[in-house]
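The values are calculated or read from the model by the stated rules, or taken from the named source; none is laboratory data. Bear in mind that the values here come from a model prediction, so they are computed numbers and not experimental data. All Cβ positions, glycine included, derive from the backbone under ideal geometry; neighbour counts span all protein chains shown.
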Amino acid sequence: MPAPTTLSYLVVAALLFAIGAFGVMARRNPLIMFMCIELMLNAVNLSFVALARELTDIGGQSIVFFVLVVAAAEVVVGLGIIVSVMRNRSSLTADDLAELKG
Amino acid sequence: MQLIVFVVASAMMLVGAVGVVTRRNPVHAALSLVLTLFGVAVHFVSLEAYFLAAVQVIVYAGAIVVLFLFVIMLLGVDKAEDLRTEPLVAQRWLAGVAALGMLGLLVVAAARGADVLRTRSEGLDTALEGAFGDANIQQLARSAFGDYVVAFELTSVLLVVAVVGTVMLARKRTAAAEA
């Protein structure tokens, strides 16, 4: 049985990225939109690691490490904003963020 | 064997991703996200990135998803929302068309780049061959703390900024603090 090629990993990552992008564009719950952003980040990480092995370059794995850290920081700040905006609301949609205009 | 692992992990990943987008209850979406993250971790193992697979499970599935679940419970939005009404006219259609277009572009770009990739990897010297396998963690440490040490220090600054900013954002303002 043949081993999967790098191209097949890239195609799967593209599928994951497209699903995440659809979620960001179509859903209106900011929490779900955040999860979809995580999906897109994971798709990029997967393609980085696949290319790191294809090119035998460990730098591709280092950058995934940094992406993980930045993703964690992004989630912390984003959820902090969501909590402070949505604390006194019953429903949760992205339109409520219009009041960030101040 | 590798092909079976690839197919199963991809199926986990894509089923989880579709679950995140289509579940009406945010708690179910977060649990689908865990499935996706485990699928990606399995891919990392089969790509011989063992350290990143462990970090993926610990940081993503262990920390980030738990944070999501905490916020869902804190805000009390753990009830199903009605997805049948379309908020904006044709939003979903346009989103679907845009996502399919993006998928097509990415796949075409990857397929056209495959030849370039092959010639490029043949030209490389294979001194780094040992970077994959048992020596993975040592090589990764040498890269992250050696070549990219400035980026590493900057991420620590970023984390401090994020933590301080979040504490400022999320704390309740009391009269005593204002005075």
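What do you reckon, is B:A99 at the interface with another protein chain (Cβ under 7 Å from one of its Cβ atoms) and at pLDDT 90 or above? It is true that B:A99 is at the interface with another protein chain (Cβ under 7 Å from one of its Cβ atoms) and at pLDDT 90 or above.
Looking at region A:87-96, is at least one residue at the interface with another protein chain (Cβ under 7 Å from one of its Cβ atoms), at pLDDT 90 or above and touching an Asp or Glu at 6+ places or on another chain (Cβ under 9 Å)? No; the residues of region A:87-96 include none that is at the interface with another protein chain (Cβ under 7 Å from one of its Cβ atoms), at pLDDT 90 or above and touching an Asp or Glu at 6+ places or on another chain (Cβ under 9 Å). Among residues of region A:70-87 that are on the phi < 0 side of the Ramachandran plot and among the polar types (S, T, N, Q), those with a Cβ under 7 angstrom from a residue that is assigned to a helix (DSSP H, G or I) and at pLDDT below 90, sequence gap 6+ or separate chain, pair up as A:S84/B:L169; A:S84/B:A170. What number of residues within region A:10-36 are surrounded by fewer than 24 Cβ atoms within 10 Å (Cβ to Cβ), closer than 19 Å to B:L103 by Cα and more than 7 Å from chain B (Cβ to nearest Cβ)? Residues flagged as surrounded by fewer than 24 Cβ atoms within 10 Å (Cβ to Cβ), closer than 19 Å to B:L103 by Cα and more than 7 Å from chain B (Cβ to nearest Cβ) within region A:10-36 amount to 2. As a summary of the residue check, A:I58 satisfies the conditions (1) at pLDDT below 90; (2) more than 30 Å from B:I137 (Cβ to Cβ) except for the one numbered (2).
Being more than 7 Å from chain B (Cβ to nearest Cβ), out of contact with any Leu (no Cβ under 7 Å at 6 or more places or on another chain) and surrounded by fewer than 24 Cβ atoms within 10 Å (Cβ to Cβ): is that true of A:L41 here? When the stated conditions are applied, A:L41 passes them.
If you go through region A:53-69 and keep only what is at the interface with another protein chain (Cβ under 7 Å from one of its Cβ atoms) and part of a helix (DSSP H, G or I), you end up with A:R53, A:E54, A:G59, A:Q61, A:S62, A:V64, A:F65, A:F66, A:L68, A:V69. Checked across region B:81-98, the condition of being surrounded by fewer than 17 Cβ atoms within 10 Å (Cβ to Cβ), among the hydrophobic types (A, V, I, L, M, F, W, C) and under 26 Å from A:E54 (Cα atoms) holds for no residue.
The set of residues in region A:70-89 that are touching a helix residue (DSSP H, G or I) at 6+ places or on another chain (Cβ under 8 Å) and in a loop (DSSP other than H, G, I, E, B) comprises A:R87, A:R89. Within region B:16-33, can one find any residue that is among the hydrophobic types (A, V, I, L, M, F, W, C), in contact (Cβ under 8 Å) with a residue 24 or more places away in the chain and over 19 Å from A:L39 (Cα atoms)? Within region B:16-33, none of the residues are among the hydrophobic types (A, V, I, L, M, F, W, C), in contact (Cβ under 8 Å) with a residue 24 or more places away in the chain and over 19 Å from A:L39 (Cα atoms).
Within region B:53-67, the set of residues being closer than 20 Å to B:L14 by Cα and at the interface with chain A (Cβ under 7 Å from one of its Cβ atoms) comprises just one member, B:I64. Residues in region B:1-29 that are at the interface with chain A (Cβ under 7 Å from one of its Cβ atoms) and buried (at least 19 other Cβ atoms within 10 Å of the Cβ) were compared, and the one that is farthest from A:A52 (Cα to Cα) is B:P26. B:G133 passes every criterion in (1) modelled with pLDDT of 75 or more; (2) at positive phi apart from (1). Residues satisfying the criterion are absent from region A:36-46 (criterion: under 30 Å from B:G76 (Cβ atoms) and in contact with a Pro (Cβ under 9 Å, 6 or more places away or on another chain)).
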